[in-house]
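Colleague: Sharing a structure here in structure tokens format.
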Amino acid sequence: MPLDPAKTAIVLIEYQNDFVSEGGAFHAAVQGVMDKTGMMANTRKAVAAARAAGVTIIHAPITFAPGYNEITSHPYGILKGVVDGNAFVKGEWGAQIVDELAPQAGDIVVEGKRGLDTFASTNLDFILRSKGITTIAIGGFLTNCCVESTMRTGYEHGYQVITLQDCVAATSQEEHDNALKYDFPMFSTPMSADDFADRIQPAS
């Protein structure tokens, strides 16, 4: 089924140097899955097709002020790893969106992401609804964390959610594969970057 570009947005979660680039705080942890899925090449393909068709491009980086005062002083789980790794600090190289997917004129950069679910601490829902968007296609990090959390909330909010299954990566192949096999089909329509590109029809 074709997708209407006027009602579709592609949401790019945390394509930042701390994940994507050599020397980033978490790059070594995700590199194996990134390489296996061809994540970056596939994401570039999906974004190029989306841009050509007139789809809204939304970037959703996570950033924290130095000292991480926006979150609890006793973080646990994934956010403890962020703090311990001194990752995603606003204004530093690690928090910057990777050059090859840098925002272009007309793109939207969602501000205020401080946790896993992109909807939770940002105005993403307001932006989508104000633009009449009903379908969101999600790619980024981590497959079983921020991508999955955003997918679930998008589903609950009534959006048609697409997960770009070759545009995501996790810290282990097992976690990545488990999310794709068991969770993504419950809360989204999984598809490849190629399939997404084929379904996007350029605006007339």
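The values are calculated or read from the model by the stated rules, or taken from the named source; none is laboratory data. This is a predicted model, so every value here is computed, not measured. Glycine also receives a Cβ, built like all others from the backbone with ideal geometry; neighbour counts cover every protein chain displayed. Just the protein is used for accessible areas: all its heavy atoms, side chains included, with ligands, DNA and RNA removed. Shrake-Rupley method; radii C 1.70, N 1.55, O 1.52, S 1.80 Å.
Colleague: Checking the condition open to solvent by less than 10 Å² (accessible area, probe 1.4 Å) and more than 18 Å from residue 125 (Cβ to Cβ), which residue from 151, 186, 191 passes? Before the answer, list the steps.
Modeller: Numbers: 151 fails: more than 18 Å from residue 125 (Cβ to Cβ); 186 fails: open to solvent by less than 10 Å² (accessible area, probe 1.4 Å).
On inspection, the qualifying residue turns out to be 191.
Colleague: Looking at residue 36 and the list (1) open to solvent by 70 Å² or more (accessible area, probe 1.4 Å); (2) out of contact with any strand residue (DSSP E or B) (no Cβ under 9 Å at 6 or more places or on another chain); (3) not in a loop (DSSP other than H, G, I, E, B), which single condition is not satisfied?
Modeller: All conditions are met except number (2).
Colleague: Still on this model: Looking at segment 115-154, which of the residues that are among the β-branched types (Val, Ile, Thr) and part of a helix (DSSP H, G or I) is nearest to residue 15 (Cα to Cα)?
Modeller: Start the filter on segment 115-154 by keeping residues that are among the β-branched types (Val, Ile, Thr), which leaves 118, 122, 127, 133-136, 138, 143, 147, 150, 153.
Add one more test, that the residue is part of a helix (DSSP H, G or I), and what stays is 127, 147, 150, 153.
Numbers: 127: 20, 147: 12, 150: 15, 153: 20 Å.
So the residue we want is 147.
Colleague: To continue, here is another question. It is to be established whether one or more residues within segment 5-23 are among the aliphatic types (A, V, I, L, M), crowded, with 18+ Cβ neighbours inside 10 Å and either assigned to a loop (DSSP other than H, G, I, E, B) or over 18 Å from the mean Cα position of the chain (by Cα) (or both). Show your work before the answer.
Modeller: Initial filter on segment 5-23 (among the aliphatic types (A, V, I, L, M)): 6, 9-13, 20.
In the following step, the residues that additionally are crowded, with 18+ Cβ neighbours inside 10 Å were identified as 9-13, 20.
Next, only the ones that are either assigned to a loop (DSSP other than H, G, I, E, B) or over 18 Å from the mean Cα position of the chain (by Cα) (or both) stay: none.
There is no residue in segment 5-23 that is among the aliphatic types (A, V, I, L, M), crowded, with 18+ Cβ neighbours inside 10 Å and either assigned to a loop (DSSP other than H, G, I, E, B) or over 18 Å from the mean Cα position of the chain (by Cα) (or both).
Colleague: Do we find that residue 81 is open to solvent by less than 60 Å² (accessible area, probe 1.4 Å) and outside any loop (DSSP other than H, G, I, E, B) in this structure?
Modeller: Yes; evaluated as a whole, the condition is true for this residue.
Colleague: While we're looking at this one, here's another question. Which condition breaks for residue 64 when tested against (1) free of Cβ contacts under 8 Å to residues at least 60 places away in the same chain; (2) under 16 Å from the mean Cα position of the chain (by Cα)?
Modeller: For residue 64, the exception is condition (2).
Colleague: Restricting to helices (runs of 4 or more DSSP H) lying wholly in segment 160-202: which have 1 or more residues that are free of Cβ contacts under 8 Å to residues at least 24 places away in the same chain and either over 15 Å from residue 149 (Cα atoms) or basic (Lys, Arg) (or both)? I'd like the intermediate steps shown before the answer.
Modeller: Working: elements: 173-178, 184-187, 193-199.
Helices (runs of 4 or more DSSP H) meeting the threshold: 173-178, 193-199.
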